[in-house]
Amino acid sequence: MPDPNDDPKTRPAASASGRTLPTAVGSLPARTPWEDRSSRSLRAFLKTETGSAGLLLAATLIALVWANSPAGDLYDDLWHTELAVDLGGYGVTEDLAHWVNDGLMAFFFYVVGLEIRRELVLGELRDRRAAAIPAIAALAGMVVPALLYTAINAGGPGAHGWGIVMATDIAFVLGALALLGDRVPPGVRVFLLTLAIVDDVGAIAVIATFYSDSIDLAALGAAAAVLAAIVLVRRFGPPLRGPAYFGAGLVLWYLTLKSGIHPTIAGVAMGLVTAVHPPQRADVERAASITRLFRRAPDPASGRAAILEIGAAVSPNERFQNLIHPWTSYLVIPVFALANAGVPLGGDALERALTSPVTIGVVVGLVVGKLFGVSLATLAAVKAKVGPLPTGVGGSHVFGAAGLAGIGFTVSLFVAELAFSEQELRDEAKIGVLVASVVAAVIGLAVLALRTDPPAAEHEGPRPLDPPVDAAYDRIRGPLDAPHTLVAYIDYECPHTRDLGPTVRALLEDAPDRVRLVVRQLPLEGEHPGSTLASEAVLSAATQGKFWEFHDRLLEHPIGDDLGPADLLRLAAEVGLDPDRVADDLRHHVRGPAVQAEVDGAARSGVPGTPTLFLDGERLDTHDPVALRSLIDA
């Protein structure tokens, strides 16, 4: 029976390990909630990919039915219709299938390049340790399938097709996962997306190296010069806008086509050199100021200025991805499937495919190679403590995800077109891709639906501090040999952080020999626009040996005022810092990567907002001074 005297408001709180905290505060401490900005971008990307899976499947079925219907000849005639574009003697003549594969697919690969660049700078791949496991899994998921395919086709006419089995189609994979809904933890989607991105990098390298024609060095050199010019202008010139990127990309695509390298590589290269950065406060403030002017005087000139400034506040990478990604997912990829999935299945085509080394190699590579390559490499890397699996992901999730990774489809069909010049071998490879994708989907979904791991909600709790406190890196207040370590994730413009300050100071004064304090940065840029710059400034102060002096001064700064550059430099001078060194660090965001590393650590540690405390590596869900003192005295 429940205890009638058990009041939730006086019930003891607990730490991550279950230690009882004698506190009179039953509710969670006041915090400014935090959501990693990259998580929002990731969700938008996943939503678009998942939504496109239905159209992709429909286009595939239409192509198969059309190609095997009485109107099959019309299907072939349509995609072999030639289209020429010529301007002053410089032009391209291709049939419609090649315009899709070489032209439209360049936009698809441009989005791939944008996503790779964004993930490296702002997303999952910026944390090298967190990305290590899916990267290793992807590498094994490329090598093992290729080896199996080669073993089956060695010395035969299909030996050149080993690249077909290396890729994973993230749109179909996410569409399959959507069938299981909330029964699959979000970490599985993150794992597969990171794996697919690394897969894409490998596939792009393979296409450029092994599936390109003879190289025209003059055209290749001109293409390299265009890329170099883009990088130099982006670095030293005025900001590039959409038309400039499009014009440069069009020239690069033409030169790459003429060089003999597959022209879709131009799309990837453009994506990788497109600028990406988090919104800067100065840009946001300038856009807001111009917008206010437009509200007072709504004329065409001020309206255009407002539009341009608002656009400039977001990096070109994210603007273009937001603009182009829906078109590639909902139009380009379905058209690609319509043009390439129409494999004739009549006559002896299926009978030939059943015994074809190419078809067998593709099925074995994608189904068996991906399943065992991805899963065994993942579990081995986790056992070797290379990095962590995403939150909530267990062993059976890994096997299920590895099964789904065998859905190659888009890039596999693409490579099949490049690998073989004989139509018969292409058709056999495509049949293998279609069969393997269905089998891989069934295996992956079955494993995930019947998994033996407990549901994520049953075993997911507060996560330990990651990374642990390191005296060589972290700033420590108090004795280095103190028996307890209190870590605080803070935001200098967060009112709750400021409210906690007196409690922490009193704790350090009352138990000076028993606890040491470590402060880590978690600027909530969405809530407090000046917080990131303040975090960079305090880490700059650390290089001058005055971290704690500047930290204390920032917390004393009036909460109603934004911490702008002028404020930060004034405060820096007040505590004896060299303002010129701080200004130089802020101007070039020298401490930005260090701040981002602490934000990444907050994400891995499951930090819900600011301030958040960890005691001896375990998250505390109380800020009550009595409870904190009790733990330190225990």
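Run the simple label-point estimate for Asn68 and Arg128 please: 7 Å along Cα→C-beta, distance reported in nm.
Computed distance between label sites Asn68 and Arg128 equals 5.0 nm.
Write down the accessible area per residue of the chain in Å², having rolled a 1.4 Å probe over the full set of protein chains.
Normalised by residue count, the accessible surface of the chain is 44 Å².
Sort Lys258, Lys385, Lys546 from largest to smallest accessible area, using a 1.4 Å probe on the heavy atoms of the protein chains.
I get Lys385, Lys258, Lys546, largest accessible area first.
I'd like the orientation of helix 242-259 relative to the chain: the angle between its Cα long axis and the longest Cα principal axis, in ° from 0 to 90, rounded to 10.
Long axis of 242-259 versus the principal axis of the chain: about 40 degrees.
Counting only DSSP beta bridges with both residues in the chain, tell me the antiparallel percent, nearest 5.
Of the beta bridges lying entirely in the chain, close to 75 percent run antiparallel.
How large is the charge dipole for the range 78-218, taken about the Cα centre, if only the Cβ atoms of Lys, Arg (+1) and Asp, Glu (-1) carry charge, to the nearest 20 debye?
Its charge dipole is roughly 820 debye.
Per the helix-only calculation at 222 nm, which mean residue ellipticity applies to the chain, given -39500 (n - 2.57) for every DSSP H run of n ≥ 4 and division by its residues, nearest 500 deg cm²/dmol?
So the helix-based figure for the chain works out to -19000 deg cm²/dmol.
Which order do the peptides 291-297, 325-331, 103-109, 400-406 come out in when sorted by mean C-beta neighbours inside 10 angstrom, highest first?
Taking the mean over residues of other Cβ atoms within 10 Å, the ranking is 400-406, 103-109, 325-331, 291-297.
Just one of (1) 55.0; (2) 35.8; (3) 38.2 is mean projected area of the Cα convex hull in nm² calculated from these coordinates, so which is it?
So the structure-derived entry is (2).
Which FRET efficiency value, to the nearest 0.05, do you get for Ser396 and Ala154 by plugging their Cβ-Cβ distance into 1/(1 + (r/R0)^6) with R0 = 41 Å?
That gives a FRET efficiency of 0.75.
Starting from the Cα-Cα distance between Leu555 and Arg570, subtract it from 0.36 nm times their residue separation and give me the gain in nm to one decimal.
4.0 nm
Explain nothing, just the number: dipole magnitude of the chain about its Cα centre with +1 on each Lys and Arg Cβ and -1 on each Asp and Glu Cβ, in debye rounded to the nearest 20.
Rounded to the nearest 20 debye, it is 720 debye.
Share of the chain's accessible area from carbon and sulfur, percent, 1.4 Å?
Carbon and sulfur: 64 percent of the exposed surface of the chain.
What angle do you read, to the nearest 10 degrees and between 0 and 90, between the alpha-carbon axis of helix 217-236 and the longest principal axis of the chain?
That works out to roughly 20 degrees.
Around Asp95, which amide H atoms from residues at least 5 apart in sequence, or from another chain, sit under 5 Å from its own amide H, with H modelled in the peptide plane?
Counting only residues 5 or more places away or on other chains, the set is Leu83.
At 0.36 nm per residue, and after removing the present C-alpha to C-alpha distance, how many nm does the segment from Leu250 to Val233 gain when stretched out fully?
4.4 nm
Quickly rank 591-604, 530-543 as a protection proxy: mean count of other C-beta atoms within 10 Å, highest first.
Those peptides, ordered most packed to least, come out 530-543, 591-604.
Express the relative contact order of the chain as a whole percentage, based on alpha carbon pairs under 8 Å and six or more residues apart in sequence.
21
List nothing, just return the count: lysine pairs in the chain, 8 or more apart or interchain, with Cα separation under 30 Å.
Lysine pairs meeting both conditions in the chain amount to 6.
How much of His588 can a 1.4 Å solvent probe reach, expressed as accessible area in Å² and rounded to 10?
The accessible area comes out at roughly 120 Å².
Which order do the peptides 355-361, 235-241, 625-631 take when ranked by the mean count of other beta-carbon atoms within 10 Å per residue, highest first?
The packing order, highest mean first, is 355-361, 625-631, 235-241.
The values are calculated or read from the model by the stated rules, or taken from the named source; none is laboratory data. Every value quoted in this text rests on a predicted model; they were computed, and no experiment measured them. As a convention, Cβ positions derive from the backbone with ideal geometry for all residues, glycine included, and neighbour counts pool all protein chains shown. Calculation scope for accessible area: heavy atoms of the full protein, side chains included, ligands and nucleic acids excluded. Shrake-Rupley method; radii C 1.70, N 1.55, O 1.52, S 1.80 Å.
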